[in-house]
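Have a look at the structure below, then the notes.
Computed from the coordinates by the stated procedures, all read-outs in this text should not be read as laboratory data. Quick caveat, the model's predicted, so the values are computed rather than measured. Virtual Cβ from ideal backbone geometry, glycine too; neighbours counted across all protein chains shown.
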Amino acid sequence: MSKPKVYLIDDDGPTNVYHDIIIRQSGEFDSYQIFSSATEALQSLSSTLTYPDLIFLDINMPIMSGWDFLEELQNREKHQDVDPAVVLLTTSLSSRDLDKSENYKEIMQVLEKPLTPSKISLVLERLCN
Amino acid sequence: MKDSYITRFLDSLIVNESDIPVEERFKLRSLVLLCLAINGLAFVLVSVQVLGHYKDESVFAMLSLGLIGQLLLKFSRNYDLTVVLFILSGTGIMLYNVTTTGDIYSYNHKWFVPIMLLVNATFSRWTLPYLLFAIAVQCYFWMVSPKWHAESIGTATDHLVDNIALLVLVFCFLWIYRKYADMQWDRIKGQRQTLESQKLALIESNDLLQRRTEELQESNQELERFAYIASHDLKTPLNNIISFSTLLEPQLKKLKNPEIDLYFGFIRDGSHRMNHLIKDVLEYSRLSAEVESVEALDLNATVAEINDSISQYLHDRKAVVEIQGKLPTIFANRTRIYLLFKNLIENGIKYNQSERPEVVISCQELNSQFELCFEDNGIGMEQEYLDRIFTMFTRLHTNEEYDGTGLGLSLSRKIVENIGGSISVKSEPGKGSKFCIFLPLTLIEEDSEKQASLPV
């Protein structure tokens, strides 16, 4: 299997910089794009040819939250057979978020920020399965 | 409309007529009238000697009528009229005797009067006057009257003295009774008013209490929401500090500048401590903010899971966590119980200077609850600190001595209280501490209760 393509959606700049470094250092991904808002990511999804396999998605974002983004993702026309797997990123794991995540089949995992090499390998393991 | 003399007379026979509603009064007046009629009729019949040969029977019939009237009045719950009825029929008997034979004690009805009085005394609100009167009548019949009778037998004075004495007794009683009844009535009225005003005050203060409770709950929820949002938002910049200092650390180490290393150490440790603190505050506020899902939890498995997650720490400290016997399966929230057990186990090992730190977990069934105890061989605590340790941000040690946020035990207490339990601690410096959780038996899954070898 080729290396997965990744979207990273988070409104916090420094977090994006850090995740950029971690993802780059891991060398596990074919290409990755970073978006500072969910709307940007949605626009990109409808125009891109390189459809992502995996989306790291922040929950708490202004204007369009992670949950809103997931709703949009479900409602839009399918561009490809397989939907991207979503990994939710949150600053603090709450049972409320975990319960809510059960309602979205796209969500593969809910992780506490920040991403670490071990978390990335965990995600990749699940993605391959 | 002004009442007529007749109604006023009838009303005056009803004790405390002013307290009886107007629509009731009509009914009571009718009853009084009926009573007067019964007695009047008896009086007339006896006077014309129609019943002359059947005196005892007629008296008995009258008393029976009076009794029926009384029973009716019991059902109407007006005891006062009962008294009126009795007095009327009683007066009737006296008059009847005076006018016919003038010989009251020679008939069997001398027993009826005290017995009737005693019956009334038992049922009535006016127990004391009835009893007194019954005793007085009895005394008269048995002691006074026979003596006089023996002295002046067969004379006209004899009958006159007898009957006048009895009538005086009746009217004395009437007067005393009226006074006593009025007094009692006033007292009861006063009590009722006091009760009424107390009731109103109680309702008012109850309303106030409820309002205050709601306000308090609201502000409490607001505070917890605030704590949640604040700590959640605090985590993002803190995460950045931690993340970038982790990236920075190896590069700074290369500079081999002890000052930089020291300062950097402060930043790193400070941010980690803050991270723990925020995590705990978040956890605490979540306890109230979130609805918990409940499932059957095998506590033995929970302990094993915790042992697994802190296995490195246990290994480093050469510590052991032991279960004495078998722990039950309970219905509770997985995350909360995990957190609670982890807090108590980690505390037992953290505040411990023994070569081989030990935490022993045991379970015991008490009356309506069960007790889960976590006993350690740690440093223990002075008696005076035991009340304080469950309070938020209370710490007995500096961060240099023992790392911590001062939230662990208050979190634990809140978890326990949320599921209807309580937590207590026994401790002695140098000997260790014993934390005991008391939980309602209803939390235990029945099957596990049978399986678990709970020492009783």
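With an a/c value under 1.5 for the gyration tensor axes a ≥ b ≥ c computed over the alpha-carbon atoms, segment A:5-128 is described as rounded.
Listing B:Cys436, A:Cys128 from fewest to most neighbouring C-beta atoms within 10 Å gives A:Cys128, B:Cys436. Distance between the C-alpha centres of segment B:210-256 and segment B:388-416: 18 Å, rounded to the whole angstrom. Counted by neighbouring Cβ atoms within 10 Å, the residues B:Thr394, B:Thr194 run from fewest to most as B:Thr194, B:Thr394.
The residue list A:Gln25, A:Ser92, A:Pro52 was ranked by how far each Cα lies along the charge dipole of segment A:5-128 toward its positive end, using unit charges on Cβ atoms, and A:Gln25 comes out on top. Of the cross-linked pairs A:Lys5/A:Lys119; A:Lys119/B:Lys254; B:Lys318/B:Lys414; B:Lys235/B:Lys342, those separated by over 25 Å at the C-alpha level are A:Lys119/B:Lys254; B:Lys318/B:Lys414.
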